[in-house]
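Below is one structure, written out as structure tokens; comments come after it.
The values are calculated or read from the model by the stated rules, or taken from the named source; none is laboratory data. Nothing here was measured: the structure is a model prediction, and the numbers come from that model. With ideal geometry, Cβ positions are generated from the backbone for all residues, glycine too; neighbour counts draw on all protein chains shown.
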Amino acid sequence: MTRAPIYLDHNASTPVDEEVIAKIVAAMRELPANPSAVDHREGAAASAAVENARERVAKGINARSADIIFVSGATEANNLAIVGAMQATNKTGCSKIVTVATEHPSVLEVAKHVGATDEIVVLPVDEQGQIDLDLLESELKRGTTLVSCMAANNETGVYHPLSEIGQLCEKYGALFHCDLTQLTAYHPIDVQSSNIHLASLSGHKMYGPKGTGALYCRRRRPHVALEPILRGGGQERGLRSGTLNTPGIVGLAAAFEVREPRLKNAAGIADLRDTLERRLVQETGAFVNGGESNRLPNTVNLSIPGIEPLALMRRLSKQITFSSSSACSTQSVQDSHVLEAMFGPNTERTKCAFRLGLGFGTTKDQVETAAELFIEAVSGIRQGRVGSAA
């Protein structure tokens, strides 16, 4: 029997938890009606399931349920947050957005689109993937509508200082949008204490279903105004028209339920991550990208001098599943904009970078096996051998 590859691409997508699958299937069987059709029993039951899910998602980030808007995923949430907030705020005359060079494309590309008519400032990062808070403050002093900064980078795992950013935004009257996609599975979240006004969530990065997500939009102290980007039947307070995906929403809430007991196991994943990094650094001369920063416990981003990631992927395709860079853009092969922001374009550190994403199901034996396979593959490439690792 052929052994399944070791899955080390949890930053790109996580397997759906069995408990989550069970609740999705039950919802598909038992809740056939449109949740907007509350004038009959079946519709009311679907609506109740959606509202229960809204409560559960809100609890997971310490928010009010009225502040949760269900969408199709983080990309839509980021679009609604940025475009919606900027369009709403433009009515008052202020039109500047500040973001970071290492943001997800669904933030950077949207910011560029908005920037065609508004001012956009993209903050640089240092070689550890960190922003300069003094530079952020200087931009805020000159007037800023919205700051968009992710909680944890999807490629390097590097954390941004949310509380400090939130305090600066509060001080200077800017809205703070945060993409929480990568952080949610591994770290407690409190949008209130971090002074986050808008936050994006995705189901499939936290053991939930693909095609599900939510946008947190604060309605009190302050009330954040948004213009919808999808218009129609007026669902979700008129901010996201379209029939709600009841089974997917139930699945997203279930992912938050199974998340709670797992959070305390994040340290165990970090131990496995550190073990894998140590072996590869010692045996291959790898550099850990963002290694001196506080990071997600599951994320490994390495550059091995002289070793192209695609060569590694070809050799290990039957043994290990991993990414040469972010899987959230097109299928074309290109250098990571995150690593380019950290080390510059056309550098060996950038061109040789690849990502390993551990998960709650990753075992010590898998990590040890993966380390041996990587070491063997690197040795084979350096010696000029052809073919796949055994």
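Restricting attention to the range 287-336, which residues are out of contact with any strand residue (DSSP E or B) (no Cβ under 7 Å at 6 or more places or on another chain), among the β-branched types (Val, Ile, Thr) and modelled with pLDDT of 95 or more?
Ile304, Ile307
Sort through Glu260, Glu236 and tell me the only one that's of a type in the set (D, E, K, R), at pLDDT below 95 and closer than 26 Å to His113 by Cβ.
Answer to the check: Glu236.
Confirm whether Arg54 is basic (Lys, Arg) and either at pLDDT 95 or above or touching a helix residue (DSSP H, G or I) at 6+ places or on another chain (Cβ under 7 Å) (or both).
Judged against the criteria, Arg54 is a match.
Which of the residues belonging to the range 187-216 are among the hydroxyl-bearing types (Ser, Thr, Tyr) and surrounded by 24 or more Cβ atoms within 10 Å (Cβ to Cβ)?
Ser200, Ser202, Tyr207, Thr212, Tyr216
As an exercise: evaluate Ala26 against (1) of a type in the set (A, V, I, L, M, F, W, C); (2) more than 30 Å from Pro188 (Cα to Cα); (3) assigned to a helix (DSSP H, G or I) and give the number of the one condition it does not meet.
(2)
To keep it simple, each residue is scored yes or no on (1) among the charged types (D, E, K, R); (2) over 18 Å from Gly213 (Cα atoms); (3) free of Cβ contacts under 8 Å to residues at least 24 places away in the same chain; (4) in contact with a Gly (Cβ under 8 Å, 6 or more places away or on another chain).
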site: Glu76; (1), (2), (3), (4): yes, no, no, yes
site: Ala85; (1), (2), (3), (4): no, yes, no, no
site: Thr99; (1), (2), (3), (4): no, yes, no, no
site: Gly115; (1), (2), (3), (4): no, yes, yes, no
site: Leu136; (1), (2), (3), (4): no, yes, no, no
site: Leu140; (1), (2), (3), (4): no, yes, no, no
site: His160; (1), (2), (3), (4): no, yes, no, no
site: Lys171; (1), (2), (3), (4): yes, yes, no, no
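So which helices (runs of 4 or more DSSP H) are wholly in the range 228-332 and hold at least 2 residues that are among the small types (Gly, Ala, Ser)?
So the answer is 246-262, 266-284.
For the list (1) touching a Pro at 6+ places or on another chain (Cβ under 7 Å); (2) touching a residue at least 24 places away in the same chain (Cβ under 8 Å), I need the number of the one condition that Gly238 fails.
(2)
Considering the range 164-186 alone, what residues qualify as being part of a helix (DSSP H, G or I) and buried (at least 23 other Cβ atoms within 10 Å of the Cβ)?
Answer for the range 164-186, where residues must be part of a helix (DSSP H, G or I) and buried (at least 23 other Cβ atoms within 10 Å of the Cβ): Ile165, Cys169.
Answer yes or no as to whether Ala266 is touching a Phe, Trp or Tyr at 6+ places or on another chain (Cβ under 6 Å) and of a type in the set (Gly, Ala, Ser).
Spelling it out, Ala266 is indeed touching a Phe, Trp or Tyr at 6+ places or on another chain (Cβ under 6 Å) and of a type in the set (Gly, Ala, Ser).
Collect the residues in the range 35-73 that are under 21 Å from the mean Cα position of the chain (by Cα), surrounded by 20 or more Cβ atoms within 10 Å (Cβ to Cβ) and over 15 Å from Glu257 (Cα atoms), keeping them in residue-number order.
Once the filter is applied, which keeps residues that are under 21 Å from the mean Cα position of the chain (by Cα), surrounded by 20 or more Cβ atoms within 10 Å (Cβ to Cβ) and over 15 Å from Glu257 (Cα atoms), the range 35-73 yields Ala63, Asp67, Ile68, Ile69, Phe70, Val71, Gly73.
Can you name the residue in the range 9-34 that is within 24 Å of the chain's Cα centre (by Cα) and among the charged types (D, E, K, R) and, of all such residues, is farthest from Gly359 (Cα to Cα)?
The selected residue is Lys23.
How about the range 61-163: which helices (runs of 4 or more DSSP H) wholly inside it have at least 2 residues that are at pLDDT 95 or above and farther than 30 Å from Phe287 by Cα?
In the range 61-163, 74-90, 133-141 are the helices (runs of 4 or more DSSP H) which contain 2 or more residues that are at pLDDT 95 or above and farther than 30 Å from Phe287 by Cα.
Can you tell me how many residues within the range 123-134 are without any contact (Cβ under 8 Å) to a residue 40 or more places away in the chain and surrounded by fewer than 17 Cβ atoms within 10 Å (Cβ to Cβ)?
3
For the subset of the range 229-251 comprising residues that are hydroxyl-bearing (Ser, Thr, Tyr) and either within 28 Å of Tyr207 (Cβ to Cβ) or in contact with a His (Cβ under 9 Å, 6 or more places away or on another chain) (or both), which member is surrounded by the most Cβ atoms within 10 Å (Cβ to Cβ)?
Thr246
Filter the range 335-358 down to the residues that are surrounded by 19 or more Cβ atoms within 10 Å (Cβ to Cβ) and small (Gly, Ala, Ser), then identify the one that is farthest from Thr102 (Cα to Cα).
Gly357
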